[in-house]
Amino acid sequence: MSQLSTCGVVDVHTHAIPDRLPDLTRYDGEWPSLVHTAERTAQLLIGGSPYRVLDDRCWSVERRLADMDAEGIDIQVLSPIPVTLSHDQPVAGAVVLAQAQNDYFAQMVACAPDRFRALGSVPLQDPSAAVDELVRCIDELGLLGVEIGTRVGDLELSAPEFEDFFDAAADRGAFILIHPVDRALDPRHVELGMAFGMGMPAETATAGAALVTGPHRRGGAHICLAHGGGTLPAVLPRLDKGAELAGSQDPRPSDRARQLWCDSLTYDAASLELAMKRFGSNHVLLGTDYPFVARETPPGAVLDAFDVSVRDVVMRRNPAQFITAR
């Protein structure tokens, strides 16, 4: 049987959360908590303040499977709601939160192992603890990898502090989804009311640019930028020129970018076409942001502008490279 028929249509960018979060009040910090407001809805709080209203699509296997069947999705890759990554909070609490979410995701996958895969969370503010939890996610829980934010405080992902983490990910062929956290965006974009439209793509682009201009890391991990790589595809020629003007002898940033992956969540065929050109069509994956209001509906709508062979590559063949490996 071919990888195409084995894997089916895969959505690599969906979010989930346990229906109960651990009580982290004994730790200093602003932690996520969940208050159920009705049978199928809950309020996500951050540090006790309302953040977002959620419904049971975020934690119900049955609801998700029904939606997947209705929308033609064979496999969803679950990942944390980015604000719950808590890279800016005290390590001890972040470890507890990550473990709780990862255990829950593993349970969801176990309920429908032919329909779900999952990405866990790691306390990246402590790289050693992050390695430990990454290893547990993959080696013990059977997850594909983890989702991480675009930076940790003032540290970019290219910082040497994260070498061991990315080495551990490479050793295991992990899938790493890099997703911006809206509470860590440039205040200018927030104040201008452009957090979603400009802040998140710009934050993703900065993280990606740091990776393709920073120290080289060995391959092995599947490092995927959310939202079509943000604005990175558009600025790669300028990064190339900047490297040339600086006299760099390293490979061009645009060449190194082809080692990265991105999802298809651009809302625009021309933007997705540019992402395919920059990263390579073999490094683009279907992503929808299910179940949130910004999600693409129907899944893969932007791909309708492309030939059926391209759609099959993005929606089936590309994710088969790591989905069927576990």
With every protein chain kept in place and ligands, DNA and RNA left out, what is the accessible area per residue of the range 61-324? Probe 1.4 Å, answer in Å². 40 Å²
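Leaving out ligands, DNA and RNA, what percent of the accessible area of the range 23-137 is carbon and sulfur, probe 1.4 Å? Please list the in-between numbers first.
Numbers: 2280 of 4620 Å².
The C+S portion of the solvent-accessible surface of the range 23-137 is 49 percent.
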For the peptides 124-134, 104-114, 239-249, what is the packing order when you average, over each peptide's residues, the other Cβ atoms within 10 Å and list the highest mean first? 124-134, 104-114, 239-249
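Full extension from ASP114 to ASP164: what is 0.36 nm times the residue separation minus their Cα-Cα distance, to one decimal in nm?
Details: separation 50, 0.36 × 50 = 18.00 nm, distance 3.18 nm.
So the chain would gain 14.8 nm between ASP114 and ASP164.
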Three-way shape call for the range 186-326 based on the alpha-carbon gyration tensor, with the a/c threshold at 1.5: oblate
For the residue pair ASP307 and VAL135, what label-to-label distance in nm results when each label sits 7 Å from Cα along the Cα-to-beta-carbon direction? 4.6 nm
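Mind checking the full-extension length gain between ASP171 and ASN282? Use 0.36 nm per residue of separation minus the Cα-Cα distance, one decimal, nm. Working shown, then result.
Numbers: separation 111, 0.36 × 111 = 39.96 nm, distance 2.16 nm.
Difference between extended and current length: 37.8 nm.
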Please list 150-162, 278-290 highest first by mean number of surrounding beta-carbon atoms within 10 Å per residue. 278-290, 150-162
Over the range 232-282, with every protein chain in place, what whole percent of the accessible area is carbon and sulfur at 1.4 Å, could you tell me? 49 percent
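Before rounding to the nearest 500, sum -39500 (n - 2.57) across all DSSP H runs of length at least 4 in the chain and divide by the residue total; then give [θ] at 222 nm in deg cm²/dmol. Numbers along the way, then the final one.
Numbers: 12 runs with 114 residues, N = 326.
After summing the helix terms and dividing by the residues of the chain, the value is -10000 deg cm²/dmol.
Give the peptides 55-68, 37-50 in descending order of average Cβ contacts within 10 Å, highest first. Could you put the intermediate results ahead of the total?
On the way: 55-68: 17.2, 37-50: 12.5.
Going from most to least packed, we get 55-68, 37-50.
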Defining a contact as two alpha carbons under 8 Å apart and six or more residues distant in sequence, what relative contact order in percent does the range 258-326 show? 32 percent
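The values are calculated or read from the model by the stated rules, or taken from the named source; none is laboratory data. Just so it is clear, the model here is predicted, and its values are computed rather than measured. Here the Cβ is made from the backbone with ideal geometry for all residues, glycine too, and neighbour counts use every protein chain on show. Just so you know, the surface numbers come from the protein's heavy atoms only, side chains and all, with ligands and any DNA or RNA stripped out. Shrake-Rupley method; radii C 1.70, N 1.55, O 1.52, S 1.80 Å.
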